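One structure is given here, and the rest of the page talks about it.
The values are calculated or read from the model by the stated rules, or taken from the named source; none is laboratory data. Remember, it's a predicted structure, so these values are computed and weren't measured experimentally. Cβ placement follows ideal geometry from the backbone for every residue including glycine, while neighbour counts extend to all protein chains displayed. Note: areas computed on protein heavy atoms with side chains; ligands, DNA, RNA excluded. Shrake-Rupley method; radii C 1.70, N 1.55, O 1.52, S 1.80 Å.
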Amino acid sequence: MRILNFKCLILNGVGRIAFVFCFVFASSLFATPFWYHNLSSNEANTYIGYGSGSSENEAKQNALLDISGQISTVVKSEYKGDKKIVDGMYKKDISEQTSQKTNSSLSDFEILKVENSDLWYVAIKYENRASIDKFIQKIKALPTLKNTTPKKQNSFLSQTLIGKELQSALGFELDFKLFRKDTLWYIKYEDTLQVLSKKDFEKFFVTTQNPNLTLNTNKKNNILKDKEEYRFLIDSKQNGYVTLFDIYEDGTVGIIAKNLTISKDKKIEFPDEKSDMLFEASVLEEGKDTFDLYTLIYSKKPLILDRFAMSESELIKDERYKNFDELIELLDGFEYSSLKVVTKAK
């Protein structure tokens, strides 16, 4: 804060008038910056947000909230939940917390102005485009891209909707990766990162086909209804072992069945009719459909999978088990099949 020396004018010796004059003059020292609420942009789908606060971080957060409000009223719903076996039944245990104050979905913003006088004042510019479009723009701008020798793409990623979008836009398969950092999901190519919107993250949840390994439910079109019981139908063209994973909407990975013995061309149900275990479909939010990605891995020998938690484990809530990216890397070395299952709300 700058401190300036100034004199107060005393008119006719009236102390009260002198005090008022000094007060008005002093308050002008802490006036709002001239640029505040006066910046503009001619770029399409671009918003400028303004915020003030007692700290620079608070001012930035308020500027991001201003942008969120311009785009739409953003309400963040956080789902804290897990799936576990309770009294022999596989269920989701969900609680919901809703907060109006959210701006974590805004990324790649540009700070236009920062000033500190009596308060911190910030202006931020944000381009409201799909995260995959921003990533494509970044990749196309890489100076070394033309000289890069194409690498073999991850077999699962090449089948995802986001992988196909990238290939269509770039004209070749990009050896990109899914990446988790600071509680957010990113798409990554070498040193280029792009945080993913929820909509673009969901493009990693796809059904894949494998002639040697099939995975289905016992329900028509693999569509479940809330509170409905179901089983998995598994078939393999080889003797060995299969492990079944469940990937939740937030990227948490849980093991449902580990190293089940399977015989060639002998279809199995899991859990079978004699089992005390039951699977029950459930939605995350009342009245809204949800989905899971079930993934089956075949192996000749039992697998050691210490990086992943069992679905019934209390540890499943930990951030470290939001490791969909690790599972994708693991898939590349095995026979696997994945199945996106939608649960319809009542």
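So Lys266 ticks every box in (1) assigned to a loop (DSSP other than H, G, I, E, B); (2) within 30 Å of Phe176 (Cα to Cα) but one. Which box is left unticked?
Status for Lys266: all satisfied but (2).
So Ile94 passes all but one of these: (1) modelled with pLDDT of 75 or more; (2) in a strand (DSSP E or B). Which condition number does it fail?
Only one criterion in (1) modelled with pLDDT of 75 or more; (2) in a strand (DSSP E or B) is unmet by Ile94, namely (1).
Could you tell me whether Gly287 is over 30 Å from Asp133 (Cα atoms) and touching a helix residue (DSSP H, G or I) at 6+ places or on another chain (Cβ under 6 Å)?
Here the answer is no, as Gly287 does not meet what is asked.
If Leu315 satisfies every condition in (1) open to solvent by 30 Å² or more (accessible area, probe 1.4 Å); (2) touching an Asp or Glu at 6+ places or on another chain (Cβ under 6 Å); (3) closer than 28 Å to Lys177 by Cα but one, which is the exception?
Tallying (1) open to solvent by 30 Å² or more (accessible area, probe 1.4 Å); (2) touching an Asp or Glu at 6+ places or on another chain (Cβ under 6 Å); (3) closer than 28 Å to Lys177 by Cα, Leu315 fails exactly one: (2).
Starting from segment 241-262, take each residue that is within 14 Å of Leu327 (Cβ to Cβ) and list its partners that are basic (Lys, Arg) and in a loop (DSSP other than H, G, I, E, B), counting only C-beta distances under 7 angstrom and pairs at least six apart or across chains.
From segment 241-262, the pairs are Asp250/Lys322; Gly251/Lys322; Thr252/Lys322.
Scan segment 28-54 for residues that are farther than 26 Å from Ala130 by Cβ, touching a Leu at 6+ places or on another chain (Cβ under 9 Å) and open to solvent by 30 Å² or more (accessible area, probe 1.4 Å) and report the count.
Residues flagged as farther than 26 Å from Ala130 by Cβ, touching a Leu at 6+ places or on another chain (Cβ under 9 Å) and open to solvent by 30 Å² or more (accessible area, probe 1.4 Å) within segment 28-54 amount to 5.
May I ask you to list the residues in segment 191-202 that are of a type in the set (D, E, K, R) and either without any contact (Cβ under 8 Å) to a residue 24 or more places away in the chain or crowded, with 16+ Cβ neighbours inside 10 Å (or both)? So that I can check it myself, show each step before the final result.
In the first step, residues of segment 191-202 are kept if they are of a type in the set (D, E, K, R); the result is 191, 198-200, 202.
Listed by number, the residues that qualify are Asp191, Asp200, Glu202.
Go through (1) open to solvent by 60 Å² or more (accessible area, probe 1.4 Å); (2) out of contact with any strand residue (DSSP E or B) (no Cβ under 7 Å at 6 or more places or on another chain); (3) of a type outside the set (Phe, Trp, Tyr); (4) at pLDDT 85 or above for Lys177 and report which single condition fails.
(2)
Let's see how each residue does on (1) in contact with a Lys or Arg (Cβ under 9 Å, 6 or more places away or on another chain); (2) within 23 Å of Ser158 (Cβ to Cβ); (3) among the hydroxyl-bearing types (Ser, Thr, Tyr):
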site: Asn216; (1), (2), (3): no, yes, no
site: Leu224; (1), (2), (3): yes, no, no
site: Val242; (1), (2), (3): no, yes, no
site: Ile247; (1), (2), (3): no, yes, no
site: Pro271; (1), (2), (3): yes, no, no
site: Met277; (1), (2), (3): no, no, no
site: Glu285; (1), (2), (3): no, no, no
site: Leu296; (1), (2), (3): no, yes, no
site: Lys301; (1), (2), (3): no, no, no
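Restricting attention to segment 67-82, and to residues there that are modelled with pLDDT of 50 or more and buried (at least 19 other Cβ atoms within 10 Å of the Cβ), which single residue is farthest from Phe34 (Cα to Cα)?
Ser68
Within segment 261-272, how many residues turn out to be closer than 15 Å to Tyr294 by Cα and either open to solvent by 40 Å² or more (accessible area, probe 1.4 Å) or polar (S, T, N, Q) (or both)?
Here the count works out to 1.
Given the residues Gln167, Gln209, which is the only one that is surrounded by fewer than 16 Cβ atoms within 10 Å (Cβ to Cβ) and under 30 Å from Pro271 (Cβ atoms)?
Values: Gln167 fails: under 30 Å from Pro271 (Cβ atoms).
Just a single option satisfies the conditions, and that option is Gln209.
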